[in-house]
1. Under a Cβ-Cβ cut-off of 10 Å, what is the net charge of the residues other than B:Glu135 that fall near it, where Lys and Arg count +1 and Asp and Glu count -1?
2. Please quote Rg/Rh for segment B:60-142 to two decimal places, taking the Kirkwood radius as Rh and restricting both calculations to Cα atoms.
3. Cα to Cα, under 27 Å, and not fewer than 8 places away if on the same chain: which lysines meet these conditions relative to B:Lys21?
4. Semi-axes of the protein assembly as shown's equivalent ellipsoid from the Cα gyration tensor, sqrt of 5 times each eigenvalue, largest first, rounded to whole Å?
5. Rounded to the nearest 20 Debye, what is the dipole magnitude of segment D:30-111 about its Cα centre when Lys and Arg each give +1 and Asp and Glu each give -1 at the C-beta?
6. How big a patch of accessible area, both sides summed and in Å² to the nearest 100, lies buried between B and A at a 1.4 Å probe?
7. State the cysteines of chain A left without a partner when partners are defined as other cysteines whose beta carbon lies under 4.7 Å away.
8. Which distances, in nm and shortest first, link the B:Leu163 label point to the same label point in every other copy, taking 7 Å along Cα→Cβ?
Number of protein chains: 4
Amino acid sequence: MKKILIMSTGGTFNKIYDPIKGEFIIDVESQALNEIAKKWLCEFEIMNLIGKDSLDMTNHDRLELLATINQSEYHHILIVHGTDTMDVTAEYLADADIEKCIVLTGAMVPYSVDPVEATANLCSAYGYLNALNKEGVFIAMNGMMGTYDQIKKDRFKGKFTTL
Amino acid sequence: MKKILIMSTGGTFNKIYDPIKGEFIIDVESQALNEIAKKWLCEFEIMNLIGKDSLDMTNHDRLELLATINQSEYHHILIVHGTDTMDVTAEYLADADIEKCIVLTGAMVPYSVDPVEATANLCSAYGYLNALNKEGVFIAMNGMMGTYDQIKKDRFKGKFTTL
Amino acid sequence: MKKILIMSTGGTFNKIYDPIKGEFIIDVESQALNEIAKKWLCEFEIMNLIGKDSLDMTNHDRLELLATINQSEYHHILIVHGTDTMDVTAEYLADADIEKCIVLTGAMVPYSVDPVEATANLCSAYGYLNALNKEGVFIAMNGMMGTYDQIKKDRFKGKFTTL
Amino acid sequence: MKKILIMSTGGTFNKIYDPIKGEFIIDVESQALNEIAKKWLCEFEIMNLIGKDSLDMTNHDRLELLATINQSEYHHILIVHGTDTMDVTAEYLADADIEKCIVLTGAMVPYSVDPVEATANLCSAYGYLNALNKEGVFIAMNGMMGTYDQIKKDRFKGKFTTL
């Protein structure tokens, strides 16, 4: 088993409904990840950072993410990220030529609305990362897994597909 | 992306509550798998066979499973299996020296009672199988993945662990 | 058993997540009500109208609601309404001195996010209406039931309470 | 608002899945009721007793239930009961001519498997009890409410109906 660090940056995956405001907010503490670990009967190493909808993510945020990855002792890193700019962040990290194995995932539907897709994305990424024997930046979403340039969000179909 | 066949043999994963009988029964049509595929926004190739609680699985059933695997055109096969004799079936398949890549998974809690653990097991197995580059028989359960002889059910803790 | 008509006007009760837009929208067809009826193993008489968040509800909408109530053959009417202006609509209907028995309900959390509170509100209103032997306008929310002027939304606590 | 006591006697309503045993057991602490109260944003007065599947309920248990009702300071009592002998217990209590208002409810599907029917039954009973202005023994199940001799379990349809 590889030692995997999950970096949670926010995104739809972590949206929760705020009954007082009557709207969705990002859960910056990623309770969804803790709940998955508890129900999956295992333990995750989780680091929360940035805590944003991916449309609000800036290059400053991406620099912070890159620096955190570089400083981390972990070689295998799973990043929970918003879907709208997952490709931008993936390319940003790939351009930095990090000598690590990085898989990005996220969700089209918040875990709190329906846990299945978010859990499926996260855990497929987790399994994929466990068996991957190469460095690089990968995406695992909606049953599709591959290098970051092979998997794209199809905004009309509302899911990720292979090119 | 590898072409994966999911063989669903029953097990706790597929248990559903029958309100008329007031008890759990095995859903031999594996609606849980169809529901995961639909919510995960992807498609599975599914074959239902045996349809039993794993405590009721016989060597005759295992022979049927082995023959079905051998006859299948698929090289990558994910088997949904009951947890109590997953190790017996895994060893049985391993002894047959099939030149395929096989991952067994299942659930401690039926998908219909709480979908998270079942989804997490299945999709981690799916991701693991996608990146595996060797033949053999593997188990993916509760965040643990490895060859079938490395992952065991701990009956006291009620989950699978590594040896 | 009384013959009850459910008028569904939208509100948080009927919000569903739209993965393409990445936000909540009002389900104007009130699938939540159909799902509750199916799971409750009974049938509802449902009429959909207005289909709005209650903050967007105008006096024109209230006039439409009042006219629809007056024209209906039903004497017992359950109204699913947004929580923010439930009191305004209730008072509007009470001022019209309708000789019917009307109970308003809704939800702080969308049925699609978590079905329990929405189901509890609706079904407590349904039970209350079945036993009420007087005309008037009532509210049933968060376990509180009474005439419309006794039950108010507490915006700080995020729930309805008695005065 | 009336002061209501909920007496929880077990039944399908309170069944939970035990992953170690691989079967359903009765949750004698009725966590389902606490969870409904929490999500409904209100408080219940709950008393747990007997804790059985209704097929296992004896006349000794019914005597205990009757004595507990008689000794209780509450006039309005909601009883959560298994569905198979709900009619037997209801008739037993009715024969005792208690001068209280009693509503029995339960569930065809455990709250832990799908919360909607159990919540709907409980909360419709709660609303019904709040508006009832007479003494007697009543049943509220599957959208049907009335005196205990009007509502029966239809074992073929798997739900309660009116005679």
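The values are calculated or read from the model by the stated rules, or taken from the named source; none is laboratory data. Keep in mind the model is a prediction, meaning the values are calculated, not measured. Cβ coordinates were reconstructed from backbone atoms using ideal geometry, including for glycine residues, and neighbour counts include every protein chain displayed. Note: accessible area is taken over every heavy atom of the protein model, side chains too, but ligands, DNA and RNA are not part of it. Shrake-Rupley method; radii C 1.70, N 1.55, O 1.52, S 1.80 Å.
1. After counting each charged neighbour, the total is 0.
2. 0.96
3. Reachable lysines: B:Lys52, C:Lys38, C:Lys39, D:Lys15, D:Lys21, D:Lys52, D:Lys152, D:Lys153, D:Lys157, D:Lys159.
4. Ellipsoid semi-axes (Å, largest first): 47, 32, 19.
5. 320 debye
6. Rounded to the nearest hundred, the buried surface is 2400 Å².
7. That list is A:Cys42, A:Cys101.
8. Values, ascending and in nm: 4.4, 6.6, 7.3.
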